[in-house]
Amino acid sequence: MTKYILIFYILLISISCEKKKSVTPEENSLFNIKIDTLNIHKNGDLTKVALFRNNFYCMFETSRMNTSQQFIKMFVISQKGKFIEDIFVPNEIQNMPHYKLIVENDSLYVKESQFEEENFVLGEYVADLTLTKKKDFKIFKDKYYNIYSDCNGEFGGTIFFQNIKTKEVYEASSACPIIVNKINKDYFITNNLMSYSSILKISDPSKLKKSKLDLTKRQGSQYSNGIQTLLDVYDLNIETSFVVNNKLYHIYSDKKNTYIGVIEKGKIKPIYKFAFKFFTNLNQNLENGKQILNFYNTGKKESGILIIDNMNIDFHALK
């Protein structure tokens, strides 16, 4: 009898040890997650941010007393959180319901993203945002293609590939492209619109529908030849995608949490759960793959700057 009791206890100890060896996604993470605080005098929530002239150019929005319209301010802070200056924001930008910050050719643009009526520019030697001619901005480029995107909300979206050498243009349906990543010769387009997300793969852009580069259309492309849908899902927000060691990862949120995940067999699989839920918005995808985003921590109700650089994910909360 004593012999069987001893064997029973050995089994219990063995099971207990096995449980201790099991790891959570957080403990098994490939990523270096860091959180710090930049103490600046701010008024409102951070809604846009771009790295320009080696500093952060930040858009803050605050509510007004007698109107639903937001008041927009632009501050410049160093990467260590030191206040440098504020930028005058003209009334035309104050009245924009949707806009983006875009850095191109040593200039910072404020681009209206609803019907693209007006663009403003902060040039290398210019102190204020001034009205400029409308222009088309690339979402991605390599030595083969300039890639442009167009999003018309419920009316669909389009991804355009312009061959740099021949100038020929190809298009495909893409709900609302937020970022393009490339692994080897394959292009991966991440779409996000409201609570709908999708990931598309395009291996040969020349097999898409031949087209013209027209970003003024109010209707998205209807052509799907040449694309492979890796993920198509509702009630889930993929807010950005990035590449580490030739593998595509995604930051996404459901109703409860925020995760890093990968796609397997048409579904997204979480490999890391963040300690807090947040929403994030991609502002800038640099040529080296580094990403600049703004984020909002729903638990602490605080906004900040998020930087993704390879396997390093750094949160800079602003207070």
Requested in this report: Starting from residues that are touching a Lys or Arg at 6+ places or on another chain (Cβ under 8 Å) and assigned to a loop (DSSP other than H, G, I, E, B), keep the ones in region 145-183 and report whichever is nearest to LEU293 (Cα to Cα).
Outcome: ASN152
Query raised in the report: What is the number of the single condition among (1) in contact with an Asp or Glu (Cβ under 8 Å, 6 or more places away or on another chain); (2) surrounded by fewer than 19 Cβ atoms within 10 Å (Cβ to Cβ); (3) closer than 16 Å to LEU282 by Cβ that ILE139 does not meet?
Result: (1)
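Looking only at region 191-224, which residues are under 20 Å from the mean Cα position of the chain (by Cα), in a loop (DSSP other than H, G, I, E, B) and aliphatic (A, V, I, L, M)?
Pass one, region 191-224, residues under 20 Å from the mean Cα position of the chain (by Cα): 191-202.
Pick out the ones that are also in a loop (DSSP other than H, G, I, E, B) and you get 194-195.
Residue satisfying the conditions is MET194 alone.
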Report task. Provide a single number: the residues in region 9-55 that are open to solvent by 70 Å² or more (accessible area, probe 1.4 Å), assigned to a loop (DSSP other than H, G, I, E, B), at pLDDT 90 or above and of a type in the set (A, V, I, L, M, F, W, C). Result -> 0
Report summary line: Residues of region 261-280 being assigned to a strand (DSSP E or B), touching a Ser or Thr at 6+ places or on another chain (Cβ under 8 Å) and not basic (Lys, Arg), in sequence order, are ILE271, TYR272, PHE278, PHE279, THR280
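Identify the residue in region 225-253 that is open to solvent by 50 Å² or more (accessible area, probe 1.4 Å) and part of a loop (DSSP other than H, G, I, E, B) and, among all such residues, is farthest from ASN181 (Cα to Cα). Please lay out each step first, then the result.
Let us first name the residues in region 225-253 that are open to solvent by 50 Å² or more (accessible area, probe 1.4 Å), namely 225, 228-229, 232, 234-235, 245-247.
Pick out the ones that are also part of a loop (DSSP other than H, G, I, E, B) and you get 225, 235, 245-246.
On the way: ASN225: 20, ASP235: 23, ASN245: 13, ASN246: 10 Å.
Selected residue: ASP235.
The values are calculated or read from the model by the stated rules, or taken from the named source; none is laboratory data. The shown structure was predicted, so the numbers you read here are calculated from the model rather than taken from an experiment. Positions of Cβ are generated from backbone atoms using ideal geometry, with glycine treated the same way; all protein chains shown enter the neighbour counts. Areas reflect the complete protein model, heavy atoms only, side chains present, ligands, DNA and RNA absent. Shrake-Rupley method; radii C 1.70, N 1.55, O 1.52, S 1.80 Å.
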